[in-house]
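One structure is given here, and the rest of the page talks about it.
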Amino acid sequence: MLDKAFDPASLEARLYAAAEASGAFNADPARAARPFTIVIPPPNVTGSLHIGHALNNTLQDVLVRYRRMQGRDALWMPGTDHAGIATQMVVERLIGTEGQTRKGLGREAFLQRIWEWKAESGGTITRQLRRLGASLDWPRERFTMDEGLSKAVIEVFVRLHKEGLIYRDTRLVNWDPVFQTAISDLEVESREQKGHIWTLRYPVEGEPGRFIEVATTRPETMLGDMAVAVHPKDARFADLVGKRAILPLTGRLIPIVADEYSDPEKGTGAVKITPAHDFNDYGVGRRHELPMPSVLDAEARIWLEDIAAELRAVDGVADPQFVRGLAGQDRFVARKAILAELERLELLVGAEPHSNMVPHGDRSGVPIEPRLTLQWYCDAATLAKPAIEAVETGKTEFVPKQWENTFFAWMRDIQPWCISRQLWWGHRIPCWYGPEGSLFVERDEAAAMAAARQKFGRDVELTRDEDVLDTWFSSALWPFSTLGWPESTAELKKHYPTDVLVTGFDIIFFWVARMMMMGIHFMGEVPFKHVVIHGLVRDEKGAKMSKSKGNVLDPLELIDANGADAVRFTLCALASPGRDIKLSKQRMEGYRAFATKLWNAARFCEMNGIAAQPGWDPATAQTPLARWILDGANAATVEAGVALDAFRFDEYAAALYRFTWNSFCDWFLEFAKPVLNGPDGPEKDEVKGAAQHVLGVILRLLHPVMPFVTEELWTQLSYGGEASLIRAAWPDAAPVQRAEAARAELDGVVRLISEVRAVRAEVNVAPSIKTRLLVQGASPETMARAGRWIDAIQRLARVTEIETLEGAAPSGVVQAVIGEATFMLPLADVIDLGAERARLLKARGVAAQEIAKIEKKFGNAEFMAKAKEEVIEENRDRLESFTAEIARLDAALARIAN
RNA sequence: GGGCGCGUAGCUCAGCGGUAGAGCACUGCCUUCACACGGCAGGGGCCACAGGUUCAAUCCCUGUCGCGCCCACCA
């Protein structure tokens, strides 16, 4: 027997463990079935499940469970990402509490610590995914630093290098002074910062007393200034072009150059050029062949070695002691000192508040510094071309399609991808350096040695590149590296390309685009056919969830409070395409109630001896009630399938909610009650048969989104014998015989009951009062139908008997006008005649309004001439029925007046 | 500066050429033998604004206003 109360917490762990152990989640390459494949966006191994993961993985699980039930060999590939910077940061902080530093520990010991830490805490998120109910193929779980995946990374690097698509280059990169590594453009985020804009004067060489004024927000970089640029057409500076300015602080003579980069509208119209510390200035520096000394070190402190030779006493500029004193100072400390010094020299002529967007490291949160360094790059532009084409030709489709524009915009203007990181945690770059600047990019050290021996004709000493690869480099290979590439495995053959990738828009560039590039390049085919992009989960007010705001909803707590099924259902129901999700607790409570409703409906069935009848054939159904609910179940099956095929998780959830609650529970089970309470016989058998059949359909249709409660009910009501619902067959939507007649019959009864209930409620008739139902003007069919459903009508509309009214209506009736008939409830003693009149007048008003609208249309010659025939016909029908209704309402009103 | 999206019932959102919908919230009635995490009934909307196209516009087009996001930009 089912428990009286539904308690999700008591089922979930047990059901999940059993399902996982049974192997029901596992794909089988040996099976002939058509594959269905999703690779999980690997969460950071450092991570714990947040609400965004819950959404992302719920949607994937719904798709996987749906396709699995359709008989596909479903593979949902699990795994985690080593998350270079994030993980290294966490462990550095950890050893910091022990008074240790990364450098103090040394590379090997530090990496050892990370592995130990991963062994301890790395399983958190996968345990949490299990709590969510994610049906991942756990034995295949991978980690981006696994041996196999590392092999794939090396292979890709070596091959791309041989193809010239990976190369080294010295250029300006985004440098994170906290982590002391290069980062890619994508890891930089602009943040608005309030600061100042200062106007400085640089003396002009040979013209004592003359200055050129420059405006800057970054005075601390002035030690690296190598020119002042003005616009070629700017008359104000025309005579200065070709002359030189004297850099205060060092006395360096720097050319005043004409360059279109300079914007006469901005600042003073003259801009100082610091080629080694600004991306725009770098371009100017290249054009004018300026030297590019660096004046900041890896930690963004003033660094003087590149300019040490200049530091001697010069008249009219700063004391070299002052400049030397800046060495090793943080850039923002140095800024203040420099400004003070310039003020002393009377070269600071303006300071205005100014706010601008400053690039910050997305992990460290500090302003990044452009820095001139030698790094490894990947030729993304070349790899992007076929990826763009794949989306243009529809080989890969984004859902919603809108996101393709975002993808194109970025891919068509893609910059070289800086893939080296000056970190320790990650895939070490497979490059060995030998004498005379030689380098060997090979699969391992032995191969590098061999190559070196060949080149030099002897053994030489090699040192391996210290750097590691960008985390996203290994993620980019995920759809094929997890399937065993570069080996040619059965899994790879069967499951690549994958079917769907489900992810948030925030990593389209980081991840989706790069998987497209690598997948096409190495596999010759796109990595996935559909990219489903979902929104961000926000709090109830629409604010982004963040720890600092304290508005974070922990999915585990939500699961504890409402059950995993309710959490999953809520996320699905709210996942409208192209929209962020504002998560509402109340909404979730509503869906928890839905799970309870389902439980209780099943319990009702069980109590009435409605149990699974495996051989029961819906085609044998004779009664309209059975046919009606079977037809409804088919419609729901079709709706659910259409919605899921189109990745409309919201419509899928809504369709099932409606059918289960409104059709099955509110009407079908209520109609079934009189039959179930009545004598045994074929009618009762058929109601029971239909009930168990439809409940079975509901359980199967709901399983992808509510795997726990459906599984429990499936088992307890013996639907699958011993077999789990996980691999039960998705329902067929075979049309029901004479469904239309069944719909006409039952919809008519529903209408009658609803109308009678409504009029009773509106004139405040207590439910305890039962009444006769007098009918006037009803067709024989209507009367016959009312007779057939008398039991249900009595029960649900609080009616005693139904009679045709002979002669005049009694006084004091409440009346409901339905179709051709008027139904009267003789309630003279209990009703409020005034309320009844108001009610009838209101109904009349509504009908009259509709009539006026239609008549207006009919009075419009152009409408009659140009509107579609079926639209006119439809309006004609409506006009007719409203007109008839008014007549009957008038008759009803007249009766009251008597 | 460039681009994208969104303004529909109190809230969160579907709908997107011809009767304006859902869930929750709200109001009233009901502890009726699955369920009060329930049942029944009900109130509530110039579909942001202004033009245009159309026989017909919440829906298509243009513009305005408001909100959000992405990209670029340290003078």
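Values in this text are rule-based calculations from the coordinates and carry no lab data. This structure is a prediction, so every number in the text was calculated from the model and none was measured. Note that we place each Cβ from the backbone using ideal geometry, even for glycine, and neighbour counts take in every protein chain shown.
A few remarks follow.
- Semi-axis lengths (Å, descending) of the ellipsoid that matches the C-alpha gyration tensor of region A:702-742: 26, 12, 10
- The value for region A:628-702 of Rg(Cα) / (2.2 N^0.38 Å) is 1.20.
- Here, region A:514-663 yields an orientationally averaged convex hull projection of 13.8 nm² when only Cα atoms define the hull.
- Bridge type composition, chain A - antiparallel percent by DSSP, nearest 5: 70
- Anchor A:K266: aspartates and glutamates whose Cα lies under 19 Å away (excluding residues fewer than 8 positions away in-chain): A:E192, A:E213, A:D225, A:D234, A:D278, A:D281, A:E352
- Other-chain or far-sequence residues with amide H under 5 Å of A:A245's (modelled H): A:E205, A:I254, A:I256
- Dipole of chain A computed with +1 at Lys/Arg Cβ and -1 at Asp/Glu Cβ about the Cα centre; of A:S724, A:N44, A:A298, farthest Cα towards the positive end is A:S724.
- Vicinal HN-Hα couplings computed from phi for region A:165-178 (Karplus, 6.51 cos²θ - 1.76 cosθ + 1.60; Hz; Gly/Pro x): 8, 10, 8, 9, 7, 9, 8, 6, 10, 7, 10, 9, x, 7
- Residue-wise HN-Hα couplings along region A:502-512, as the Karplus relation 6.51 cos²θ - 1.76 cosθ + 1.60 with θ = phi - 60° gives them from phi, are 10, 7, x, 5, 5, 10, 4, 6, 4, 10, 4 Hz; Gly and Pro carry x.
- Partner lysines for A:K868 [C-alpha distance under 16 Å; skip if fewer than 8 residues away on the same chain]: A:K857
- Note on A:A86 and A:N280: the model spin-label points, each 7 Å out from Cα along the C-beta direction, lie 3.4 nm apart.
- Against the empirical 2.2 N^0.38 Å (N residues), region A:840-898 has a Cα radius of gyration ratio of 1.34.
- Of A:G209, A:P232, A:I197, farthest towards positive along the dipole that unit charges on Lys, Arg, Asp, Glu beta carbons give region A:180-243: A:G209
- Charge dipole (debye, nearest 20) of chain A; +1 at Cβ of Lys and Arg, -1 at Cβ of Asp and Glu: 820
- Considered as an equivalent ellipsoid built on the Cα gyration tensor, region A:45-193 has semi-axes of 32, 22, 18 Å, the largest given first.
- Angle between chain A longest axis and helix A:707-716 axis [Cα atoms, degrees, rounded to 10]: 40
- In degrees, nearest ten, helix A:682-702 long axis to first principal axis of chain A (Cα): 10
- Intensity falloff of region A:158-270 expressed as log10 I(q)/I(0), Debye formula with alpha-carbon point scatterers, at q = 0.09, 0.12, 0.14, 0.21 Å⁻¹: -0.38, -0.61, -0.75, -1.16
- Cα-centre dipole for region A:255-360 with unit charges at Cβ (Lys and Arg positive, Asp and Glu negative), debye to 20: 180
- Built amide H within the under 5 Å cut-off of A:T268, gap 5+: A:A215
- Two-decimal log10 I(q)/I(0) for region A:615-767, as the Debye equation yields it once each C-alpha is a single scatterer, q = 0.12, 0.13 Å⁻¹: -0.56, -0.66
- The residues neighbouring A:V736, those whose beta-carbon lies less than 14 Å from its own, together hold a net charge of -3 under the Lys/Arg +1, Asp/Glu -1 convention.
- Summarising the label geometry, the points placed 7 Å from Cα in the beta-carbon direction at A:H196 and A:T406 lie 4.0 nm from one another.
- In order along region A:187-194, phi translates into HN-Hα couplings of 8, 9, 10, 7, 10, 6, 9, 8 Hz, rounded to whole numbers, per the Karplus curve 6.51 cos²θ - 1.76 cosθ + 1.60 with θ = phi - 60° and x for Gly and Pro.
- Placed amide H near A:I581: partners under 5 Å, 5+ positions off or other chain: A:L536, A:V537, A:R538
- For chain A, alpha-carbon Rg relative to the globular expectation (2.2 N^0.38 Å, N residues): 1.29
- Shown here are the Rg and Dmax of the Cα trace of region A:750-866, at 17.0, 55 Å.
- Farthest toward positive dipole pole in chain A [+1 Lys/Arg, -1 Asp/Glu at C-beta], among A:G96, A:Y261, A:A566: A:A566
- Note on region A:394-460: with charges restricted to the Cβ of Lys and Arg (+1) and Asp and Glu (-1), its dipole about the Cα centre is near 40 debye.
- A helix-only calculation puts chain A at -14000 deg cm²/dmol for mean residue ellipticity at 222 nm, using -39500 (n - 2.57) for each DSSP H run of at least four residues, averaged over all residues.
- Partner aspartates and glutamates for A:K151 [C-alpha distance under 13 Å; skip if fewer than 8 residues away on the same chain]: A:E442, A:D444, A:E487
- Folded to 0 to 90 degrees: helix A:8-22 orientation relative to chain A principal axis, Cα: 70
- Pairs beyond 24 Å (Cα-Cα), from A:K118/A:K585; A:K494/A:K529; A:K395/A:K494; A:K597/A:K673; A:K395/A:K493: A:K118/A:K585
- Simple label model, 7 Å out from Cα along Cβ direction - A:S779 to A:A884, nm: 0.7
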